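Below is the structure I would like to discuss, written out as structure tokens.
The values are calculated or read from the model by the stated rules, or taken from the named source; none is laboratory data. Note that the structure is predicted; figures quoted are calculated from it, not measured. Virtual Cβ from ideal backbone geometry, glycine too; neighbours counted across all protein chains shown. Please note that ligands, DNA and RNA were not included when accessible areas were found on the heavy atoms of the full protein model with its side chains. Shrake-Rupley method; radii C 1.70, N 1.55, O 1.52, S 1.80 Å.
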Amino acid sequence: MPAQAVTYGTPTITLSASYLTGAVGAVGDPVVNVTVGQSGADVSALTVSASASSKASVAGTGDVSVTGAAAVRQLAVTARGRGYTDLTVKVTGLGGKTASKTLYYAASAAVQNSADARYFTGASDTSAAVDVGGGYTVVADDENNVLRLYDRSRSAAPVRTWDFSAQLGVTKEVDIEGATRIGDTIFWTGSLGNNKDGEYKVPGNTVFTTTVSGSGSGTQLAYGRSYKQLRDDLVAWDTANGNRYGFAAGTAAGEAPKQIDGFNVEGLEFAPGSTTTAYLGFRAPLAPAVPGGKALIVPVTNFDKVLSTGAKATFGAGIELDLGGLSIRDIRKNAADQYLILAGSWAADDNSDPYALYQWDGFAGHAPVKRADLPTADPGGWEAIVDVPDLTEAGARVQVVTDSGSADLYGDGIAAKDLTHPEWKKARAAWFTLN
């Protein structure tokens, strides 16, 4: 009796994402999982291939690799040039039957120190980052209230996300700009300033806490408490002390926050040896608010009580630091009370302006020392320090993350924050050696 012919079904193919981003010269760009199958066939007999169906100058057929032989394969793309291209991903099964899907790919330009670059995808406006151990960090975005957990060593989408808008009682972004951790509590602050059009938006006047459990990829966050009058407390304090820093004027209706005499908080860290006094680092104003002025820190001397009981904030004398005419974009310390300050321009459109890292001991009257200049040619502005290494070690390296929301990543004139597909949004994380 002759053997019965095997009938094979039509192959199936599923992509873990339909949109993928990469960068020219990047190491370890994100990958897409391709899941395939075919009725009546061993999956190891199925072949997966990809071909360029639009702009091969961005990525061609030879720039796509597929690895694995099981039901799930990994597809990686090596960017050839900046821009967009569509890739056809095809599975060929037994009996000559095929199925295909389109992968929409976008590549950004090459950057300096590309070997040390990683891209946190899914959002572009990174504004604060806190290390949670195990090689992972929680990152905030100033365009929404979503906190995202990333593997610091990989270019990839977030492992987990949390949106605390409901618990905060807001429908608009808090404009998170600074964060720090004490024990299992992460403290977050909004910018406290007006929006870019000079309008006061209540959500921006928010500081809040989250409680950390677990670490690494198993990190979980739970909402803690919030306080929504810190801006008012700061204005009242400065007014009572002769308006030295011009907080009342900087928060007035119509005043944009990112100007030399504006009002915009971007850094948050605790004072040396303290779990009660927190430093607010200001992007604006400079102190005094004239060109060449000094960067400003205002100590909140009862910050723990502000968040735990809703107590009205009390303040210490302002700390004025010479950062070469730059202001504070982030401030972070390690367990040994060694501080790094990320310094940048107070201006709104500052991507071509200088950035630098300064070491400081956290005490008023002690001068910070520059440890590194950061490149300015890359898209986006440097915005967040993930954590601080031992600054006494030779060759100490620190990871810094960009806010790339205003950057034209793909050469089409569209700011990253306005891209339709979140998978194409990304912020760059890079390691820098301190001199």
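Just need a number here: residues in the stretch 76-91 that are in a strand (DSSP E or B), among the charged types (D, E, K, R) and within 12 Å of A56 (Cβ to Cβ).
Looking only at that region, the number is 1.
Among (1) modelled with pLDDT under 95; (2) within 29 Å of the chain's Cα centre (by Cα), which single condition is T61 missing?
Among (1) modelled with pLDDT under 95; (2) within 29 Å of the chain's Cα centre (by Cα), the lone unmet condition for T61 is (2).
Just to verify a result, which residue in the stretch 420-435, among those that are of a type in the set (A, V, I, L, M) and crowded, with 20+ Cβ neighbours inside 10 Å, is nearest to Y84 (Cα to Cα)?
Filtering the stretch 420-435 down to residues of a type in the set (A, V, I, L, M) leaves 427, 429-430, 434.
Right, trim to crowded, with 20+ Cβ neighbours inside 10 Å and you get 427, 429-430.
Numbers: A427: 18, A429: 22, A430: 24 Å.
My answer is A427.
Which pairs have Cβ atoms under 7 Å, sit 6 or more apart or on different chains, and link a residue in the stretch 238-259 that is among the aromatic types (F, W, Y) to one that is part of a loop (DSSP other than H, G, I, E, B) and at pLDDT 95 or above?
Listed by first residue and then by second, the contacts come to Y245/G318; F247/F263.
Go through (1) charged (D, E, K, R); (2) outside any strand (DSSP E or B); (3) farther than 22 Å from Y84 by Cα for D408 and report which single condition fails.
(3)
Related question: Looking for whichever is open to solvent by 10 Å² or more (accessible area, probe 1.4 Å) and among the small types (G, A, S) here; the options are A252, A295. Which one fits?
Working: A295 fails: open to solvent by 10 Å² or more (accessible area, probe 1.4 Å).
Of A252, A295, the one residue that is open to solvent by 10 Å² or more (accessible area, probe 1.4 Å) and among the small types (G, A, S) is A252.
Shifting gears a bit: How about the stretch 177-199: which of its residues are among the polar types (S, T, N, Q) and assigned to a loop (DSSP other than H, G, I, E, B)?
S191, N194, N195
With respect to V212, determine if the residue is part of a loop (DSSP other than H, G, I, E, B), over 26 Å from P288 (Cα atoms) and open to solvent by less than 70 Å² (accessible area, probe 1.4 Å).
Taking the combined requirement at face value, the residue does not satisfy it.
Within the stretch 280-295, is even one residue modelled with pLDDT of 95 or more and outside any strand (DSSP E or B)?
no
Name the residues in the stretch 388-419 that are open to solvent by 50 Å² or more (accessible area, probe 1.4 Å) and among the acidic types (D, E), would you?
Within the stretch 388-419, D390, E393, D408, D412, D418 qualify.
In the stretch 176-191, how many are more than 19 Å from the chain's Cα centre (by Cα) and not small (G, A, S)?
First pass over the stretch 176-191, keeping only residues more than 19 Å from the chain's Cα centre (by Cα): 182-185.
Checking the rest, the ones that are also not small (G, A, S) come to 182, 184-185.
Selection size over the stretch 176-191: 3.
Would you mind stating whether Q359 is in contact (Cβ under 8 Å) with a residue 40 or more places away in the chain, open to solvent by 20 Å² or more (accessible area, probe 1.4 Å) and touching a Pro at 6+ places or on another chain (Cβ under 8 Å)? Break it down into steps so the answer makes sense when it comes.
On the way: in contact (Cβ under 8 Å) with a residue 40 or more places away in the chain: yes; open to solvent by 20 Å² or more (accessible area, probe 1.4 Å): yes; touching a Pro at 6+ places or on another chain (Cβ under 8 Å): yes.
The answer is yes for Q359.
Looking at (1) modelled with pLDDT of 95 or more; (2) part of a loop (DSSP other than H, G, I, E, B), which is the one condition that is false for V401?
(2) is the only condition that V401 fails.
Return the residue satisfying two criteria in turn: it lies in the stretch 1-34 and is among the hydroxyl-bearing types (S, T, Y) and closer than 19 Å to G95 by Cα, and of such residues it is most open to solvent (accessible area, probe 1.4 Å).
If we take residues in the stretch 1-34 being among the hydroxyl-bearing types (S, T, Y) and closer than 19 Å to G95 by Cα, then T7 is most open to solvent (accessible area, probe 1.4 Å).
Among the residues of the stretch 321-341, count how many are in a strand (DSSP E or B) and open to solvent by 30 Å² or more (accessible area, probe 1.4 Å).
Let us first name the residues in the stretch 321-341 that are in a strand (DSSP E or B), namely 321, 327-333, 339-341.
Narrowing further to those that are open to solvent by 30 Å² or more (accessible area, probe 1.4 Å): 333.
Summing the residues that are in a strand (DSSP E or B) and open to solvent by 30 Å² or more (accessible area, probe 1.4 Å) in the stretch 321-341 gives 1.
Name the pairs: first residue in the stretch 114-127 and more than 25 Å from S191 (Cβ to Cβ) and in contact (Cβ under 8 Å) with a residue 24 or more places away in the chain, second residue in a strand (DSSP E or B) and not basic (K, R), Cβ to Cβ under 6 Å, at least 6 apart or on different chains?
Partner pairs satisfying both residue conditions: D116/A430; D116/W431; A117/A430; R118/A429.
Need a quick list: strands (runs of 3 or more DSSP E) entirely within the stretch 109-160 having at least 1 residues that are at pLDDT 95 or above and closer than 20 Å to A343 by Cα.
By residue number, 126-133, 136-141.
Additional query: Restricting attention to the stretch 69-79, does a residue exist that is over 24 Å from A407 (Cβ atoms), of a type in the set (V, I, T) and touching a Lys or Arg at 6+ places or on another chain (Cβ under 6 Å)? Reasoning before the result, please.
Applying the first criterion (over 24 Å from A407 (Cβ atoms)) to the stretch 69-79 yields 69-75.
Imposing the further condition that a residue be of a type in the set (V, I, T) reduces the set to 72.
Filter once more, so that each one left must be touching a Lys or Arg at 6+ places or on another chain (Cβ under 6 Å): none.
Among the residues of the stretch 69-79, not one is over 24 Å from A407 (Cβ atoms), of a type in the set (V, I, T) and touching a Lys or Arg at 6+ places or on another chain (Cβ under 6 Å), which makes the answer no.
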